[in-house]
Structures are given as structure tokens and as C-alpha cells.
Amino acid sequence: MSKSRVWLFRFLIVAATGLFIVTWFLPWWHAEVHVTQINNVWIYPWGLVQQLEPDAEGMVAGVSQLPFWMLPLLWAYFAIVIVTLLSSLFIGDKEVKLSKYQFNLGKLMIGIAGFSLIAVAVIMVVYTSMRLEGLGEFAIPLQGERVFHGGYLVGMRSESGLQPAYYIAHGVGLLLIALAFLRTKIIGKPKSN
């Protein structure tokens, strides 16, 4: 195990952590609703931001109100992942035994962080699509465009879709999982005494 290979691996983990942080502060989903003017709703991993005119506020009220516990939970998740990834850099070759299996603790921490990021992204899409379906006559598709016909909705249209940061989050999760599996290949085997 050479120091340059260890530092290369640390650099890759820090770069993946940086990408995780960037995706956390970029929207994962966006909807643009045209009523009398343009209204915007952005969903970030940590919550929802909206810019709505009074006519549109009632239409998206069901989607825009998140459970009270969700925001603190997501920020706690963010902090735990950052601490986990950064502390995994200094764990070394410590092993942990789970049942009859033995795992490298650093690999396990990195792999779980990557898997959890993918899980959070998938859960966000499922949760958002369920909330959007709950809008009834105002339902906005998760991705695509909808033109409303009928009643006072005539002329209203919406465009919505997943944003690049959502896909980057999946990529970062896969990168972390790959780095967990490739840790020994990148760093090399520890020198025996």
C-alpha cells in the first residue's frame, strides 16, 4: 500500500462528497405552472421552494406542505452522510464482524452512504409523484407537459421534470458504491509485518 494510492482514494472520496454536497443544494425536480403568470415549484433533497401567485397557491397547497419531521430528518441525513464519508478516510483497515461475515469498516461506510443516496433519490420521486397525483384536477405530471381543458382551468398549462442534479445524485451514489468495492484495488493490500 503506497501513500500516493491512499491519497488518490481519499481524493476520490472527497470529490464524491463534494458532488453530493453540490447535488444537495440544486433542485431535483421543477415544475413551471402557467396560470396568469409563470409559477415555479422546485423540490430539493432537503425541501421545497415555491414562487407562486395567489391563484396557484391553492392548487399546489397539498404538495407544498411537507410533514413537520421531514426537514430536520433530511438535514440530519445530510450531516450523517458527510461525517460518514469523511471519517471513512481515516478508518484504515479496521474490520467489523456482522454475524459470521467480516467487513472492512471504511468500505462498509462508503457503500452504505452510496446506497442511501440512491434510496433517498428514489424515495423522493415516489413521494413527489404520490403528492402530485393527490392534486386531483390540478394534477401535474412528474415529467412532461399538461394543458388543462375545462372550467376555469382553460388555458392553464404545466411543464415539469426531474433536473440534472437528480441524475447526478444517482451517479454519485453509484460512484460511492463502486469506490467501496474498489477500495482494496485502488489502495492496495496492507503490508504484512
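Are any residues in the stretch 81-99 farther than 19 Å from Gly173 by Cβ and free of Cβ contacts under 8 Å to residues at least 60 places away in the same chain, and if so, which ones? Steps first, answer last, please.
Of the stretch 81-99, the ones farther than 19 Å from Gly173 by Cβ are 90-99.
Selection gives Phe90, Ile91, Gly92, Lys94, Glu95, Val96, Lys97, Leu98, Ser99.
Suppose the filter is assigned to a strand (DSSP E or B), under 23 Å from Ile187 (Cβ atoms) and at pLDDT below 85; does Gln102 pass it? Steps first, please.
Values: assigned to a strand (DSSP E or B): yes; under 23 Å from Ile187 (Cβ atoms): yes; at pLDDT below 85: yes.
Here the answer is yes, as Gln102 does meet what is asked.
Identify all residues within the stretch 94-115 that are out of contact with any strand residue (DSSP E or B) (no Cβ under 8 Å at 6 or more places or on another chain), exposed (fewer than 15 other Cβ atoms within 10 Å of the Cβ) and among the hydrophobic types (A, V, I, L, M, F, W, C); write none if there are none.
Within the stretch 94-115, Leu98 is the sole residue that qualifies.
Consider the stretch 69-124. How many of its residues are touching a helix residue (DSSP H, G or I) at 6+ places or on another chain (Cβ under 8 Å), under 30 Å from Ser2 (Cβ atoms) and not aliphatic (A, V, I, L, M)?
Number satisfying all stated conditions: 13.
Given the conditions (1) aliphatic (A, V, I, L, M); (2) touching a Ser or Thr at 6+ places or on another chain (Cβ under 7 Å); (3) at pLDDT below 80; (4) not in a loop (DSSP other than H, G, I, E, B), report the number of the one that Ile140 does not fulfil.
(4)
Taking the condition of a type in the set (Gly, Ala, Ser), modelled with pLDDT of 75 or more, more than 30 Å from Trp7 (Cβ to Cβ) and part of a strand (DSSP E or B), does Ala31 pass? Explain how you work it out, then say what you get.
Values: of a type in the set (Gly, Ala, Ser): yes; modelled with pLDDT of 75 or more: yes; more than 30 Å from Trp7 (Cβ to Cβ): yes; part of a strand (DSSP E or B): yes.
It is true that Ala31 is of a type in the set (Gly, Ala, Ser), modelled with pLDDT of 75 or more, more than 30 Å from Trp7 (Cβ to Cβ) and part of a strand (DSSP E or B).
List the residue pairs whose Cβ atoms are under 9 Å apart, where the first residue sits in the stretch 11-36 and is without any contact (Cβ under 8 Å) to a residue 24 or more places away in the chain, the second is part of a helix (DSSP H, G or I), and the two are 6 or more positions apart or on different chains.
Partner pairs satisfying both residue conditions: Ala15/Leu175; Phe25/Ala165; Thr36/Asp55; Thr36/Ala56.
Does Val81 satisfy the condition of being buried (at least 18 other Cβ atoms within 10 Å of the Cβ) and either of a type in the set (Asp, Glu) or at pLDDT 95 or above (or both)? Please lay out each step first, then the result.
Values: buried (at least 18 other Cβ atoms within 10 Å of the Cβ): yes; either of a type in the set (Asp, Glu) or at pLDDT 95 or above (or both): yes.
Yes.
Suppose we filter the stretch 100-123 for residues that are in contact (Cβ under 8 Å) with a residue 40 or more places away in the chain and among the aromatic types (Phe, Trp, Tyr); how many remain?
The number of residues fulfilling the criteria is 1.
Please enumerate the residues belonging to the stretch 81-120 that are out of contact with any Ser or Thr (no Cβ under 9 Å at 6 or more places or on another chain), hydrophobic (A, V, I, L, M, F, W, C) and under 27 Å from Pro27 (Cα atoms).
The answer is Val83, Phe115, Ile118, Ala119, Val120.
Please specify each residue of the stretch 1-19 satisfying the condition of being surrounded by 19 or more Cβ atoms within 10 Å (Cβ to Cβ) and aromatic (Phe, Trp, Tyr).
Selection gives Phe9 alone.
Which residues, taken from the stretch 20-43, are crowded, with 19+ Cβ neighbours inside 10 Å and within 21 Å of the chain's Cα centre (by Cα)? I'd like the intermediate steps shown before the answer.
The first filter runs over the stretch 20-43 and keeps only residues crowded, with 19+ Cβ neighbours inside 10 Å, leaving 20, 23-24, 27-29, 31, 33, 35, 39, 41, 43.
Listed by number, the residues that qualify are Phe20, Thr23, Trp24, Pro27, Trp28, Trp29, Ala31, Val41, Ile43.
The values are calculated or read from the model by the stated rules, or taken from the named source; none is laboratory data. As the structure is a computational prediction, the values presented were derived from the model and not from experiment. Here Cβ is always computed from backbone atoms with ideal geometry, including for glycine, and neighbour counts include all displayed protein chains.
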